[in-house]
Amino acid sequence: MSKVNQDSTQVLKLENITMQFGGVVAINNLSLEVNKGEIVALIGPNGAGKTTAFNCITGVYEPTNGIVYFNGEPIVVNHPQGKMIKQYGGINGDLYKDRKPVVHTPDRITHLGIARTFQNIRLFKSQTAFDNVLIGTHLRRTSNMFTAAFHLNAKEEKANREKTAELLEIVGLADVADELATSLPYGKQRRLEIARALATNPTLLLLDEPAAGMNPQETDELGEFIVDIKNRFNLTVFMIEHHMNLVMEISDRIYVLDFGKQIAEGTPEEIQKNPVVIAAYLGVDEE
Amino acid sequence: MNQKKSKKPMIISLCLIAAVYIGVFIAEQFIPQQSMLFIVLKKGAVYALVAVSMNLLNGFTGIFSLGQAGFMLVGAYVYGIFTIPVAERMNVYQYFDGGLVQFTVPVIIAMIFSGLAAALFAFLIGLPVLRLKSDYLAIATLGFAEIIRAIFQWNGLGRITNSSNMLNMFPTFNDFNILGPDGKVTVYLSTLIPFIMAGVCILLIVLLINSTYGRALKAIRDDEVAAEAMGINLAHHKRLAFCVSSFFAGVGGAMLAMYQTTVQAKSFTSAMTYEILLIVVIGGIGSVTGSVLSSFLFVACSEWWLRFLDEKQIIGNFEVPLLRIGFRMVVFSVIIMIVVLFFRKGIMGDKELPDLLSRSRKAKGRAGK
């Protein structure tokens, strides 16, 4: 079994993931690994399938084919079924034919310890910054509906509130805790989303374009911030990012995706020199 | 910080609510029972509970359900079935040999049964229906309410539901009055008791809304995708909200039965659901206080304050034109339109009583977009 020979330091492993929507192959046979304590970046031109890859990991989409391992456990297993057998446009379509498909809803996967942020910020808009983060603590509750309603979980509630206050302090939003989440400036909303993700006690943090819409100075600060929270919470970080400065500065390894296919993998130095990557980003001379 | 918010507005609100209860109690002792005031208060209390239960679903969880009348019907029938005195059953179930159920349970237990029965129906109907979104869910629940109304009138269930004949003779609000030895009422409680019943139920809903579960429900309302990514199990929490809401709708149905003194399936039409929806919208979607206030206003307007519009009015020698039966509803509709046009977010928006009283409303800010 592949489960046994998993490296214990491997936090996340994608094996031959293909995601096909109808006739469109959004991700084609993507395999990658993220090791414990690393910051790994996934880059690629627009429409390369980066966010789709995130959605496959977090259970928003069910990949057409392939396996996702988290800490050695297969959390998603699938192979082409039904109509897809005929339509399937990827490769390795019969590799997992005999494996039982495993599907988890996104909340289940968050339970396992994968938290994420969104490319287009998705905060709970009618609630304060404080409540946004507090909601992140809901999934680790030990109370049920009745104990919660009758405040029999006061101890837990208090601990959650303290944790929330602490998280807001760490991300530097303690002073705006009582503001409405959507009234915050963009950069702060991004940080709030990260704080909310941290409230779920993750071991793996998926950041979908955390620096989108930030100016260079904010981006620099964000880089330090990501490294800081990674060390503080013992996290592994897997992120999608377009700001090359940020990516090159903080990532340990980089995967490059283009048209759903992985075209390169390596350290920032290797990626910078890789002609395939340069071609994908800048285009190739036709001559 | 957040938790160190001033307690003062909260205390003032509680005092206000207590004052209302004391006011009701005193008014009941001195104002004649036939006064319209009590009809409005009793019906208002029932509607307040049902409106708040609907708000829990529509306002706090973002599930647009129109099944409220159906769940009330279930509640009302269960209450009736379990509380009609055994001696009266022969009369009530005259076409069905006295019915199947030949025992009674205390009123409180029967009300809990009502809630549980409605919640059970909600659970079953929720299995397929809660997968649907917005309008589809509304139509499906509306359909459920219509079907349940038809089923309860079915002859085959006559030994339980008395078919399309009404249930009556069960304990009503008036039975809560304390009688003296001479059979005369010494202490009137027929308005205070429904107030207490509705108050306790609404308190439970408020407690739930303010707990971690309530926050999870609001998260689902604000953004399902993000809520799910935060580890909130959508199916579980939606089902929970649906069942809790229906539980209290069922209890509300039992109270409506007590208020009406009779239960008949054909009166639980979709128009009743719309009335409640209207109350929720006018009060403010996502405000418990708003739902409570607007249900009393709504009932007062429709039953009392606008009554004069249905009768000929003569001022001096001048007969006011247009006033005849049905004109009340015309004026009423216009008022509702004005409210909806000029108070888009209802009377209360998404604020609660303590928010209105607190000076620093920074926390809530200007809610919405």
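Nothing in this text is a laboratory measurement; each read-out follows from the coordinates by a stated rule. Since the structure is predicted, the reported quantities are computational estimates derived from the model, not experimental observations. Virtual Cβ from ideal backbone geometry, glycine too; neighbours counted across all protein chains shown.
Label B:S333 and A:K273 with points 7 Å out from Cα along Cα→Cβ: what is the distance between them in nm?
Distance between label points: 8.0 nm.
Compute and list, largest first, the equivalent-ellipsoid semi-axes of segment B:15-267 from the alpha carbon gyration tensor, each √(5λ) rounded to a whole angstrom. Walk me through the numbers before you get to the answer.
Values: eigenvalues 218, 127, 34 Å².
Its equivalent ellipsoid spans semi-axes of 33, 25, 13 Å.
Whose amide H sits under 5 Å from the amide H of B:L189, counting only residues 5 or more places off or on another chain, with H placed in the peptide plane?
For B:L189, the qualifying residues are B:N177, B:I178.
Say the dipole of the protein assembly as shown comes from +1 at the beta carbon of Lys and Arg and -1 at that of Asp and Glu; which of B:F123, A:V256, B:A254 then lies farthest toward its positive end?
The listed residue farthest towards the positive side: B:A254.
Could you give the dipole magnitude of segment B:15-267 about its Cα centre, charging the beta-carbon of Lys and Arg +1 and that of Asp and Glu -1, in debye to the nearest 20? Kindly include the intermediate steps, with their values, before the conclusion.
Working: 14 positive and 11 negative charges, 42 e Å.
Once rounded to the nearest 20, the dipole reads 200 debye.
For A:V76, which sequence-distant residues (separation of 5 or more, or a different chain) have an amide H within less than 5 Å of its own amide H, given hydrogens modelled in the peptide plane?
A:V68
If the chain between B:Q34 and B:L357 were fully stretched, how many nm would it gain, using 0.36 nm times the residue separation less the Cα-Cα distance? Numbers along the way, then the final one.
Numbers: separation 323, 0.36 × 323 = 116.28 nm, distance 3.51 nm.
112.8 nm is the gain from fully extending B:Q34 to B:L357.
Counting only helical runs of four or more DSSP H residues, what would the 222 nm mean residue ellipticity of chain B come to if each run contributes -39,500 (n - 2.57) and the total is spread over all its residues?
Values: 15 runs with 222 residues, N = 369.
Helices in chain B give a 222 nm mean residue ellipticity of -19500 deg cm²/dmol.
Among B:Y188, B:G214, B:G143, whose Cα projects farthest towards the positive end of the dipole of chain B, with charges put on the beta-carbon of Lys, Arg (+1) and Asp, Glu (-1)?
B:G214
Post the alpha-carbon centroid distance, segment B:248-300 to segment A:93-108, in whole angstrom.
One Cα centre to the other: 47 Å.
Mind pulling the angle between the C-alpha long axis of helix A:154-170 and the longest principal axis of chain A? Nearest 10 degrees, somewhere in 0 to 90.
60 degrees
If you wrap a convex hull around the Cα atoms of segment A:142-277, how much volume per residue is inside, in Å³?
Details: hull volume 20.3 nm³, N = 136.
Roughly 149 Å³ of hull volume per residue.
With no solvent and one equal point scatterer per Cα, compute the Debye intensity ratio I(q)/I(0) for segment B:1-89 at 0.13, 0.21 Å⁻¹ and report its log10, rounded to two decimals.
Listed by q, the Debye log ratios stand at -0.79, -1.09.
Using the Kirkwood radius over C-alpha pairs as Rh, can you work out the diffusion coefficient of chain A via Stokes-Einstein at 37 °C, viscosity 0.692 mPa s, in µm² per second?
On the way: Rh = 20.1 Å.
Approximately 163 µm²/s, per Stokes-Einstein.
Over what distance in Å are the Cα centres of segment A:146-204 and segment B:145-185 separated?
Centre-to-centre distance over Cα atoms comes out at 50 Å.
How about segment A:183-235: which chymotrypsin sites (Phe, Trp or Tyr not before Pro) there lie in a loop by DSSP and see at most 12 other Cβ atoms within 10 Å?
On the way: sites: A:Y186, A:F225, A:F233; in loops: A:F233.
When the chymotrypsin sites (Phe, Trp or Tyr not before Pro) of segment A:183-235 are filtered for loop state and at most 12 Cβ neighbours within 10 Å, nothing remains.
Please compute, over every Cα-Cα pair in the protein assembly as shown, the percentage with a separation greater than 44 angstrom.
Details: 76763 of 214840 pairs.
When every Cα pair of the protein assembly as shown is considered, 36 percent fall beyond 44 Å.
When the Cα centres of segment B:82-116 and segment A:38-89 are compared, how far apart do they sit, in Å?
Cα centroid to Cα centroid, the span is 58 Å.
Work out which helices of chain B, taken as complete DSSP H runs, extend at least 24 Å along their axis over the Cα atoms and score a mean Kyte-Doolittle of 1.6 or more, then list them.
Details: long enough: B:8-30 (33 Å, 1.69); B:36-55 (27 Å, 1.54); B:107-129 (33 Å, 2.51); B:134-152 (27 Å, 1.25); B:192-209 (25 Å, 3.16); B:234-260 (38 Å, 0.78).
Helices meeting the criterion: B:8-30, B:107-129, B:192-209.
Return the Rg/Rh value of segment B:310-354, two decimal places, where both radii are evaluated on C-alpha atoms and Rh is the Kirkwood radius.
Numbers: Rg = 16.3 Å, Rh = 13.1 Å.
With Rh from the inverse mean 1/r over Cα pairs, Rg/Rh is 1.25.
Between B:F268, B:F121, B:F327, which gets the highest mean-square fluctuation from a Gaussian network model of chain B, Cα cutoff 10 Å?
B:F327
Between B:V187, B:V281, B:V251, which gets the highest mean-square fluctuation from a Gaussian network model of chain B, Cα cutoff 10 Å?
Most flexible of the set in this elastic network: B:V187.
Ratio of segment A:213-287's C-alpha Rg to 2.2 N^0.38 Å, to two decimals? Numbers along the way, then the final one.
On the way: Rg = 14.2 Å, N = 75, 2.2 N^0.38 = 11.3 Å.
For segment A:213-287, the normalised Cα radius of gyration comes out at 1.25.
If I take all pairs of Cα atoms in segment B:53-170, what percentage of them are more than 24 Å from each other?
Working: 2232 of 6903 pairs.
When all Cα pairs of segment B:53-170 are counted, 32 percent exceed 24 Å.
If each residue of separation counts as 0.36 nm, what is the full-extension length gain between A:M244 and A:I85 once their alpha-carbon separation is subtracted? Walk me through the intermediate numbers first.
Numbers: separation 159, 0.36 × 159 = 57.24 nm, distance 3.87 nm.
Answer, rounded to one decimal: 53.4 nm.
GNM on chain A, C-alpha springs below 10 Å: top fluctuator among A:E209, A:E73, A:E269?
A:E269
Bin width 10 Å, origin at 0, all Cα-Cα pairs of segment A:213-255: what percent of pairs per bin?
In order of increasing distance, the bins hold 26, 60, 15 percent.
In debye to the nearest 20, how big a dipole does segment A:7-103 give about its Cα centre with +1 on each Lys and Arg Cβ and -1 on each Asp and Glu Cβ?
On the way: 8 positive and 8 negative charges, 61 e Å.
Dipole size: approximately 300 debye.
Relative to the Cα centre, what is the charge dipole magnitude of segment A:178-287, using +1 at the beta carbon of each Lys and Arg, -1 at the beta carbon of each Asp and Glu, and rounding to the nearest 20 debye?
Result for segment A:178-287 is approximately 520 debye, rounded to the nearest 20.
Taking Rh as the Kirkwood radius computed over C-alpha pairs, what is the Stokes-Einstein D of segment B:202-275 at 10 °C in a medium of viscosity 1.306 mPa s, expressed in µm² per second? Numbers along the way, then the final one.
On the way: Rh = 14.3 Å.
Rounded to a whole number, D works out at 111 µm²/s.
In degrees between 0 and 90, to the nearest 10, how far off the longest principal axis of chain A does helix A:186-198 point, with axes built from Cα atoms?
Taking the Cα atoms of chain A, the angle to A:186-198 is about 90 degrees.
Taking R0 as 45 Å, what's the FRET efficiency between B:R131 and B:V20 from their Cβ-Cβ distance, rounded to 0.05? Don't jump to the answer; show the numbers that get you there.
Values: r = 41 Å, r/R0 = 0.92.
E between B:R131 and B:V20, to the nearest 0.05, is 0.60.
Determine the calculated [θ] at 222 nm for chain A from helices alone, applying -39500 (n - 2.57) to every DSSP H run no shorter than 4 residues and normalising by the residue count; nearest 500 deg cm²/dmol.
Working: 11 runs with 101 residues, N = 287.
Rounded to the nearest 500, the figure is -10000 deg cm²/dmol.
Taking every alpha carbon pair in segment A:43-136, what does the distance histogram look like in 5 angstrom bins from 0, in percent?
Result returned by the calculation: 2, 11, 18, 19, 17, 14, 9, 4, 3, 1.
Using DSSP loop states and a limit of at most 16 other Cβ atoms within 10 Å to flag trypsin sites (Lys or Arg not before Pro), what is the longest stretch of chain A containing no flagged site? Could the numbers behind the result be given before it?
Details: sites that count: A:K3, A:K36, A:K97, A:R99.
Between the exposed loop sites, the longest stretch runs A:100-287.
Put one equal scatterer on each alpha carbon of segment B:219-369, apply the Debye formula with no solvent term, and list log10 I(q)/I(0) at q = 0.11, 0.21 1/Å to two decimals.
Debye curve over Cα of segment B:219-369, log10 I(q)/I(0) at q = 0.11, 0.21 Å⁻¹: -0.64, -1.38.
Normalise the Debye intensity by I(0) for segment A:178-225, one equal point scatterer per Cα, no solvent, then take log10 at q = 0.18, 0.22, 0.24 Å⁻¹ and round to two decimals.
-0.60, -0.85, -0.97
Picking from B:Q33, B:G283, B:T104, whose Cα lies most toward the positive end of the charge dipole for chain B (charges on Cβ: Lys, Arg +1; Asp, Glu -1)?
B:G283
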